[in-house]
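Here's the structure, in structure tokens; my notes come after.
The values are calculated or read from the model by the stated rules, or taken from the named source; none is laboratory data. Just so it is clear, the structure is predicted and the values come from calculations on it, not from any experiment. Every residue, glycine as well, gets a Cβ built from its backbone with ideal geometry; the counts of neighbours run over all protein chains shown.
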Amino acid sequence: MMSRIFFILLLGCAFTAHALNDRVVAVVGNSVLTQTQLDSRVTVAALERGLNELNSDQKQQLGRRVLADLIDETLVQQDAAARGILLSPEDLARAEKGLLEQRVSPESLAKLKTYKAWRNKFAADVLWQKMIALVLRPRIDISQSEIDKTLSDLLQNRQVTERELSQLVMKVPDEENGLEQKAKMDAILERLKDGEDFVEMAKQYSDVAADKGGYMGWFATGELNAALETSLDHMEPGKVSDLIRTPEGWHILHLDNTRMTKPVDTSPVTEYELILLGYKGEENQEKTKALSSLIKQISDKDAANVWLNTPEAKGRADMDASTWLGWVRPRDLQSDWQEALTMVSPGKWTQISRVGDMTGALFVAEKRETVSTDLIKMRERVKDKLFGNKLELETRNYLRMLRQKSFVDVRL
């Protein structure tokens with residue numbers, strides 16, 4: 001009991017000290033957020049969005065979103081500390097290198113680093129990625145059946161519509177009904193319908209991808225929330241949607257462009273495990289005769305591999321093209337080899353052929369059917385989208401849990 005009283009007194013002293021110089025805008029657990037912190041972060045947020053000057057309405061809207069971000073960052077920092085998850089200088093150095101490689105020029109980064117608020121935000125972003133890796137990612141399980149079902153749904157029409165999208169999102173906290181946010185979004189929608197620029201409006205008001213003007217990228221049918229998909233079905237490029245409600249909040253979509261993808265090839269692809277024996281350079285009758293004699297002595301994969309690893313094989317200039325090729329698709333071979341493969345079965349040699357500047361024969365060790373590269377890529381894309389959707393849900397649940405178990409008092 002005494003320790004709790006001491007904590008309250010200590011926190012009160014902190015408030016008093018801040019009050020002498022700075023206004024407290026929020027209390028988060030045992031931390032306070034001040035007006036100076038908030039103003040600095042609003043400045044950084046405006047710079048990231050390319051907004052040089054903010055009017056009072058823009059500053060208020062941006063300040064609301066930045067304060068919400070600051071509160072979440074503080075909650076995450078407190079939880080990370082409780083779990084013993086800390087940032088190392090190496091973490092920050094790697095993240096800064098990645099930032100330079102991805103989207104920030106050295107000149108822009110040098111300018112941003114002059115702002116202490118940006119350095120704090122950058123560290124918070126890096127810590128959040130570490131929390132995702134160590135805390136949230138292990139909670140997410142994507143089953144093979146989920147991937148297969150989603151992939152099957154996408155492939156039903158073979159030809160898939162892809163849409164290039166931008167969005168303006170106003171998030172709704174779990175404990176609110178969203179009416180206040182809806183009123184603001186109604187006003188934004190009217191301004192968009194009156195011709196105001198979507199990118200600029202997203203920079204000013206969106207809680208998601210504001211620094212990119214709300215740009216989301218390309219999405220195939222079936223990859224988005226069902227409510228967003230339904231709205232997009234009735235839209236044309238260049239148009240904006242009506243308000244859309246999802247668990248995240250209120251959305252306004254801008255359909256930038258559409259395209260029809262080529263049908264994904266779902267037919268199996270034949271692969272061969274191949275071993276090559278042969279020699280380089282001009283065709284030579286004696287070398288070809290020696291090659292013919294050698295392949296008659298080798299009748300299986302093990303024998304071929306054993307021979308390839310003998311000192312004799314490595315020292316023979318008349319067999320200098322010999323090697324284990326591994327698993328190969330016919331399309332990756334020269335046309336003469338492709339044709340030769342059609343005439344043999346596993347466990348057999350092709351005819352000795354002159355291919356390019358080499359004379360040789362292929363031993364077909366094994367044959368198998370695999371899925372096409374396009375289908376593999378699509379499967380990975382589906383898996384990434386499923387993971388992203390689950391991570392978004394897990395993030396909301398995690399932040400809700402932090403808010404529920406912590407003391408948060410917003411004083412704006």
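Descriptive notes on the structure:
- Matching entry among 302, 374, 357 (being free of Cβ contacts under 8 Å to residues at least 60 places away in the same chain and acidic (Asp, Glu)): 302
- Within region 189-203, the set of residues being more than 25 Å from the chain's Cα centre (by Cα) and not charged (D, E, K, R) comprises 189, 192, 195, 201.
- Test: residue 147 is assigned to a helix (DSSP H, G or I), of a type outside the set (D, E, K, R) and touching a residue at least 60 places away in the same chain (Cβ under 8 Å): yes
- The selection criterion, being over 21 Å from the mean Cα position of the chain (by Cα) and outside the structural domain of residue 47 (by TED's automatic domain parsing), does not hold for residue 147.
- Residue match in region 231-239 (condition: within 22 Å of residue 393 (Cβ to Cβ) and at pLDDT 90 or above): yes
- Residues located in region 290-305, provided they are more than 16 Å from residue 347 (Cβ to Cβ) and surrounded by 11 or more Cβ atoms within 10 Å (Cβ to Cβ): 290, 291, 292, 294
- In region 278-298, the residues that are without any contact (Cβ under 8 Å) to a residue 40 or more places away in the chain and farther than 12 Å from residue 318 by Cβ form Cβ pairs under 8 Å with partners that are part of a helix (DSSP H, G or I) and of a type outside the set (Val, Ile, Thr), at six or more places apart or across chains, as follows: 297/303.
- Pick from region 197-213, criterion at pLDDT below 95 and either assigned to a loop (DSSP other than H, G, I, E, B) or not assigned by TED's automatic domain parsing to the domain that holds residue 251 (or both), ranking: farthest from residue 396 (Cα to Cα): 213
- When 191, 158 are checked against the criterion of being within 21 Å of residue 49 (Cβ to Cβ) and either at pLDDT below 95 or not assigned by TED's automatic domain parsing to the domain that holds residue 61 (or both), 191 stands alone in meeting it.
- Each residue in region 304-330 was checked for being at pLDDT 90 or above and farther than 19 Å from residue 281 by Cα, and 7 pass.
- Hits in region 356-380 - residues which are surrounded by 13 or more Cβ atoms within 10 Å (Cβ to Cβ) and of a type in the set (S, T, N, Q): 359, 370, 372
- Flag for residue 230 being among the polar types (S, T, N, Q) and in a strand (DSSP E or B): no
- The lone exception for residue 365 - which of (1) in contact with a helix residue (DSSP H, G or I) (Cβ under 8 Å, 6 or more places away or on another chain); (2) within 21 Å of residue 280 (Cα to Cα); (3) of a type in the set (A, V, I, L, M, F, W, C); (4) not in a helix (DSSP H, G or I) it fails: (2)
- Selection within region 204-230: residues that are of a type in the set (Asp, Glu) and within 18 Å of the chain's Cα centre (by Cα). The member of this set that is surrounded by the most Cβ atoms within 10 Å (Cβ to Cβ) is 223.
- Spans of helices (runs of 4 or more DSSP H) in region 63-131 with at least 3 residues farther than 29 Å from residue 411 by Cα and modelled with pLDDT under 90: 89-102, 106-112
- Single residue of region 336-350 satisfying the filter (β-branched (Val, Ile, Thr) and within 17 Å of residue 295 (Cα to Cα)) that is surrounded by the fewest Cβ atoms within 10 Å (Cβ to Cβ): 344
- Only residues that are in a helix (DSSP H, G or I) and either closer than 14 Å to residue 411 by Cβ or modelled with pLDDT of 65 or more (or both) were counted across region 15-47, and they come to 17.
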